[in-house]
Structure formats: structure tokens, C-alpha cells
1. Say whether the condition of being over 28 Å from the mean Cα position of the chain (by Cα), outside any loop (DSSP other than H, G, I, E, B) and surrounded by 15 or more Cβ atoms within 10 Å (Cβ to Cβ) is met by at least one residue in the stretch 5-15.
2. Here is a check on your reading of the model: is Thr54 surrounded by 13 or more Cβ atoms within 10 Å (Cβ to Cβ) and either part of a loop (DSSP other than H, G, I, E, B) or not assigned by TED's automatic domain parsing to the domain that holds Glu143 (or both)?
3. Are there any pairs with C-beta distances below 8 angstrom linking a residue in the stretch 25-39 that is assigned by TED's automatic domain parsing to the domain that holds Gln74 to a residue that is of a type in the set (Asp, Glu) and in a strand (DSSP E or B), with the two at least 6 apart or on different chains, and if so which?
4. Lys251 is checked against (1) of a type in the set (Lys, Arg); (2) closer than 26 Å to Ile334 by Cα; (3) at pLDDT 85 or above and fails just one. What number does that condition carry?
5. Between a residue in the stretch 385-413 that is more than 12 Å from Ala375 (Cβ to Cβ) and any residue that is modelled with pLDDT of 90 or more and assigned to a helix (DSSP H, G or I), which pairs come within a Cβ distance under 6 Å, given they are 6 or more apart or on different chains?
6. Can you tell me how many residues within the stretch 377-394 are farther than 16 Å from Phe128 by Cα and of a type in the set (Lys, Arg)?
7. If Asn125 satisfies all but one of (1) surrounded by 18 or more Cβ atoms within 10 Å (Cβ to Cβ); (2) closer than 30 Å to Arg328 by Cα; (3) more than 13 Å from the chain's Cα centre (by Cα), what's the number of the condition it fails?
8. Against the definition (more than 21 Å from Gly41 (Cβ to Cβ) and exposed (fewer than 14 other Cβ atoms within 10 Å of the Cβ)), how does Gly100 come out, yes or no?
Amino acid sequence: MFVDRVNVNIRAGAGGDGLVNFRHEKFVDKGGPDGGDGGDGGNVVLQASRNQNTLAAFRYQKLLQAKNGEAGGQRKKHGKRGPDLIVDVPIGTVLTDEQGNILADLTQDGQTQIIAEGGSGGFGNAHFTSSVRQAPRVAENGEPGDAIDGMFELKMIADVGIIGLPNAGKSTLLSVISNAKPEIADYPFTTLRPNLGVVDIDKTQSLLFADIPGLIEGASQGKGLGDEFLRHTERTSVLLHLIDIYTEDIKSAYKTIIKELAEYKVDLSSRPEIVALTKIEGLDKKQLDSKLKQLAKVVPKNTPVLAFSSSSGAGLKELLRTIDKQVRKNKAKIEKQAEKTELPVIGIRPSEDDWQIQPNDKGFVVTGQRIERFARRTNFGDDHSEERLRDILKKMGITRQLERQGIKPGQEIAIGSPALGRIEY
């Protein structure tokens, strides 16, 4: 089954907890703290693979979860790191979050990207030993890993996207010029999924063609099959627009497809295009010239307009030469644009040490990247852990600011919004 869009839940591994432990061995007096640190959680890594061609596997496995890190052990033993989860996806897979932001875009075989980082392991009490604190009874919790609820979307990467109204001859052309075996019949919407075919232009050059299922008026708004498959035209270098020469109104047929390309969420109407009339084997030269003249009135000036027959082979060589020329031209243009490096925009970014205080009914709420990270590592309910958090609040200057704002003994200090934990002043 061909599936090109699926929702997924991605969870990186949590870090292991640090351990509070003291060395207890025969003949060893006051062995001291030896609680080890927890191991880091595993990352979730996407890997593009040419051996994958559909997202069907994720229909029944929507949760992608890496292993957690192990807790620290006695004798300062470090917890084992959680292994990374490597997820193979087809080349051309895009991951977006719930807001539609692109988190990953894998376009080459073997390309990898970490999309969710595992949480750091917590420190054991051996980590906090110092000359003035020789018997610490505090350890940290491991941090939670990143969590993403998003969508995998497959956008085929082809040199040429074959588009047109149903029964324009797209699948027939692909079957003739490549080794692809798409379903072909004399009724509309025979093609229910995009088909790929490799076309050898010469001994050194080959192009990848994608047969996009038939578009109809209103496809960009979800009518027919077009809205499901227009995304596969987003990455093509050149669009090959086929029109059945026996269509009653050739100009209207051309305008219908161009309108849908323009109204899609990504304007595709300006993509390099070649327009070709199909099924010309039954017409004489005079009739063919008349049809080409009609089409030339609506096609942009520099757009090649051709005619061919898949069954007789007439015009096919010229069509392939023109396509090859357009693909090379477009790739050269893209490479030239890529060479133009833009100057980075340097702005003022918030520091990790920044924090904010807001009053509430029970006391105050403290927010900030660094202090919230310490709160995640704190074992709330343990006096030693909470006392360490109070020391951190004091060192960061948060306690002094709370006192300036009038905090009173017994009032609550909540860390994070929503609160990651609460302590009493």
C-alpha cells in the first residue's frame, strides 16, 4: 500500500536518575559517597533510505520511542546510555510539527538527522563531594527527552513530474520511455498512486520521471485525487504538462491545470514547464498545426510546446531532448543560486541564565531556561534536593529579587509554567 502522509509521536529517551549511596565495606571506615551518575537517554534519528518507498509502516507504529538511560549505580558506576533509535524513511520525507514548522527534510540517501534529543542523566551524590561538603545526600533526577507530535510527509524527488487531466496519456508515456509498469486503462483515474520510472537519455545521462495521478478542477481544494498528490510536484525540476489532442477545448484544459498549480499551498505555476499534445497518431499535419497554434495562444512565450505519440513513437526523441535540456538548465540555475551565500543575521538572543518572576495567588512563579532545567533535575519532596534548589535560586540572584517583591515566609515558589515543582520560601 502506498502511503505518503502519516501522523507520528516521537519520544526521545529520558536520562537515568543519579544515585544517593554511601560506601559500606568491611574494614572501610566512613567510605564516603559513591552514588553514580545516570546515563543519558537515547536520541531519535531519522535516516533517509533508498530501500524505503512508502510510509505505510508508520500507519501501525505511530509511536517512535528511544530507550531511557539507566540509573547510576553504587561505587560511582555510571548508568548505561540509552541506545539511539534509528528510523529509516524514504528519500524525500519531511517531518513537520503541529504548527507546520519543518523539523527535518531528508533529500539524499543515507542522510541522517537527530530530531529528538535524549535527556541528560542526573548526577549522583558522589558528584557533589567537595572539601566543605564531604557527605552530600543529594542526587539529581534524569531530564526527560524531547517529545514531538508531528507528521511525516513524503514528497517524491524526481527530475520530471508528468501532470495533466485524467486520461491525458501520462502512464502510457511513462511505460514507453522507462521500465515502469503503471496500470493503464481507457477510463479516468486509472492511476491511484504516483509512479516512478528511470529514463535513459544517453549513455551518461538518465532522468527520473514521476507520473502524478490525474488532476481535475478544484484539485488544490481537495477534489478528486489531486490534492493528495500535488505535493509530489513540489520537488520536480521540470513539469511535463500533457494534453490529449482530442480534448474539446485545449486552451481550457491547459488553464485548468495551471490554475490548480497556482492555487496549491505552494505556488507551482511558475515551475519550469514543457507542454505537449499527446495521441497525435490519428491526425494529419494540417490538423496538428491547428491544434498547436491554439495552444500557443495561452502558453507562456518561452515555454516549449511539442506533440508526440506514445504508440507510434512520433516526436518522442525530440520530447526527451527538450526535457533533458530544460532539466540541465534548471539544475544549473539552482546550483548558481546555492553559491550565493547570505550574510547571517546577528540578533540579540535571550541568555539561558535569564529568568522572570510573576506573582500569583500562592506566591510567585519563576521561569527561565536554566532554572527550569535545575527544577527538572530536582527530586521534590526530598529535603536535601529542595535545599540544593534553594541554594541555586540564591546564587542566581532570584531569591534577592523575590525578597524585593515582598515574598513572605511560608509562601510558595513555583518553578516553570506550568509548574515543574514547588518549594516553600
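1. no
2. Here the answer is yes, as Thr54 does meet what is asked.
3. Hits for this filter: Gly31/Glu25.
4. Failed condition: (2).
5. Thr399/Leu393
6. Count: 1.
7. Condition not satisfied by Asn125: (2).
8. Answer is yes for this residue.
The values are calculated or read from the model by the stated rules, or taken from the named source; none is laboratory data. Computed from a predicted model, the values in this text were never measured in an experiment. Note: ideal-geometry Cβ built from the backbone for every residue, glycine included; neighbour counts use all protein chains shown.
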